[in-house]
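Computed from the coordinates by the stated procedures, all read-outs in this text should not be read as laboratory data. On a predicted model such as this, the values are computed, not experimentally measured, just so you know. A quick note on method: Cβ atoms are made from the backbone with ideal geometry, for glycine too, and the neighbour counts reach across all protein chains shown.
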Amino acid sequence: MQADQEASAAEAQVHPFTTRAEFNDYVQQCLARATHTLQLFDPDFALWNLGGTAADAALRRFLGGQGRLRLVAHSNAELERHAPRFLRLLKDFSHLIECRLTPQGLRQLSDSFCVADGVHIVRRYHADHMRGVAAFQTRFDTKLSIDRFDAIWLESNPGLHASTTGL
């Protein structure tokens, strides 16, 4: 048992970051590693480039393998206006994507994170800043964010749908 824990710890990769380019690179790495679940939380996903070609390709691969994407935001306006590829993805894979909106009482939440398969995470400590950490192959670093996501999810309401945007 201890040997398994030590092997897992040896495989864990933790990378602090401070720039938008690093954040975007680690998000792409996290999306690329996902096979079963993706849990994303951000106030508006403005800096995530979910409408970009790289994110679209990674998410199509993930969803094509029957992965499930759950996304929570305070506002969907950014995705609706600037992420047409994501909206097409939502239409094409609506059975595997759930988007939710936080209620007014949770709008003060300001962190931002992506958790893939419970073992990979990219987390910004505050959505207004680029300082954060990416950790791959570690359940320890993801547990708090998964629990936080689940609590936010339970309080949130249905959000972005393919029909909402006229698709």
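Couple of notes before you dig in:
- Sparsely packed trypsin sites (Lys or Arg not before Pro) within region 75-167, loop by DSSP, other Cβ within 10 Å at most 15: ARG107, ARG131, ARG139
- Of all DSSP beta bridges in the chain, antiparallel share, percent nearest 5: 65
- Per-residue [θ]222 nm for the chain (sum of -39500 (n - 2.57) over DSSP H runs n ≥ 4, rounded to 500): -11500 deg cm²/dmol
- Electrostatic dipole magnitude of region 2-159 [Cβ: Lys, Arg +1; Asp, Glu -1; Cα centre; debye, to 20]: 400
- Relative contact order for the chain, counting Cα pairs under 8 Å that sit 6 or more residues apart, in percent: 30
- At the listed q of 0.08, 0.10, 0.14, 0.21 Å⁻¹, the Debye profile of the chain, built from one uniform point per Cα, gives log10 I(q)/I(0) equal to -0.22, -0.35, -0.68, -1.55.
- Within the listed set GLN104, GLN66, GLN29, the residue fluctuating most in the Gaussian network model of the chain (springs between alpha-carbon atoms under 10 angstrom) is GLN104.
- Shown here for region 38-123: chymotrypsin sites (Phe, Trp or Tyr not before Pro) in loop regions (DSSP other than H, G, I, E, B) with at most 13 other Cβ atoms within 10 Å, of which there are none.
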